[in-house]
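For reference, the structure discussed in these notes is given below.
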Amino acid sequence: MILIGPPGAGKGTQAQRLVEKFAIPHISSGDMLRAAVAEGTELGKQADGFMKSGQLVPDDVVIGMVIDRIGKPDAAGGFMLDGFPRTRPQAEALDTALAGAGVSLDRVLLIEVPDSLIVERIVGRRSDPQTGAIYHLKFNPPPPELADRLVQRKDDTEEACRARLDKYHSETAPIVPFYEQKGVLVRVNGEGPPDQVTRRIVDALR
Ligand code: AP5
């Protein structure tokens, strides 16, 4: 399964709930890149500048990283991709890799949220580096005892968020018809409280 949607659509939030339900790994290209940056690997050094400014990391860096990951044993029974593919070349590379492995996509879930809601969701996000839990200062407030250890992502500024949104519309939204033609695309309204969105997703997948 693949999750697609603009920055702040709730892909990470929903993926954490869905992978528990389906017992499959959550494979987030953004989380993998952030881990590489934090570890200071060669890949992380290449990705860092692009990420901070809200630009996409080049396809040749990202494609190999994700294709390798989905070949790991824990993904043999299925996986949930979050944030990949994001460009037409990434979608085509994934298609080729899956066909080669005899794997077919069950669903591509598009979480739709209007641009007008995105900046507020992004600048209010805080994450727990110890558990990976995602909070929002207003929409999903963290427990007060965690407040001191929560972090804000470097690309969660208004400026970088607007750049990410532009990239979503110019590079990622055009891959939606690619999956629509394959008959695997499911659209879900991502507005409203997270629990309501989860219910819509579960209903849509049923
Ligand atoms: P990535 O980490 O994938 O970021 P993104 O796609 O911009 O998505 P986000 O993680 O910002 O948002 P989300 O949809 O997961 O929302 P969340 O659930 O956290 O990518 C980051 C960067 O890495 C890219 O810009 C690029 O540089 C690089 N990159 C990654 N993959 C790449 C690729 N394939 N190719 C090239 N470059 C790549 O929710 C957001 C906030 O809203 C949270 O605070 C949450 O609590 C809140 N929230 C969630 N749901 C709701 C709701 N229903 N109502 C109110 N608030 C809500």
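General remarks:
- Flag for residue 79 being more than 12 Å from the ligand (Cβ to nearest atom), closer than 21 Å to residue 5 by Cα and either at pLDDT below 95 or under 14 Å from the mean Cα position of the chain (by Cα) (or both): yes
- With a requirement of 3 or more residues that are within 15 Å of the chain's Cα centre (by Cα), the helices (runs of 4 or more DSSP H) lying completely within the range 95-206 that satisfy it span 115-123, 158-167.
- Residue in the range 65-73 that is within 12 Å of the ligand (Cβ to nearest atom), open to solvent by 20 Å² or more (accessible area, probe 1.4 Å), under 16 Å from residue 90 (Cβ atoms) and aliphatic (A, V, I, L, M) present: yes
- Test result for residue 18, more than 21 Å from residue 164 (Cα to Cα), within 13 Å of the ligand (Cβ to nearest atom) and open to solvent by less than 30 Å² (accessible area, probe 1.4 Å): yes
- Boolean, residue 163 is open to solvent by less than 50 Å² (accessible area, probe 1.4 Å) and farther than 24 Å from residue 18 by Cα: yes
- Of the numbered criteria (1) in contact (Cβ under 8 Å) with a residue 60 or more places away in the chain; (2) near the ligand (Cβ under 7 Å from one of its atoms), the one residue 28 fails is (1).
- Residue among 34, 86 that alone is among the basic types (Lys, Arg) and outside any helix (DSSP H, G or I): 86
- Selection status of residue 3, within 16 Å of residue 200 (Cβ to Cβ), touching a residue at least 24 places away in the same chain (Cβ under 8 Å) and either within 11 Å of the ligand (Cβ to nearest atom) or not in a helix (DSSP H, G or I) (or both): yes
- Pairs meeting the criteria (first residue in the range 112-126 and open to solvent by less than 20 Å² (accessible area, probe 1.4 Å), second residue among the aliphatic types (A, V, I, L, M) and part of a helix (DSSP H, G or I), beta carbons under 8 Å, at least 6 apart or on different chains) are 118/165.
The values are calculated or read from the model by the stated rules, or taken from the named source; none is laboratory data. Bear in mind the structure is a predicted one, so any value in this text is a computation, not a measurement. For neighbour counting, all protein chains shown are included, and Cβ atoms are generated from backbone atoms with ideal geometry for every residue, glycine included. Surface accessibility is based on the protein's heavy atoms, side chains included, excluding ligands, DNA and RNA. Shrake-Rupley method; radii C 1.70, N 1.55, O 1.52, S 1.80 Å.
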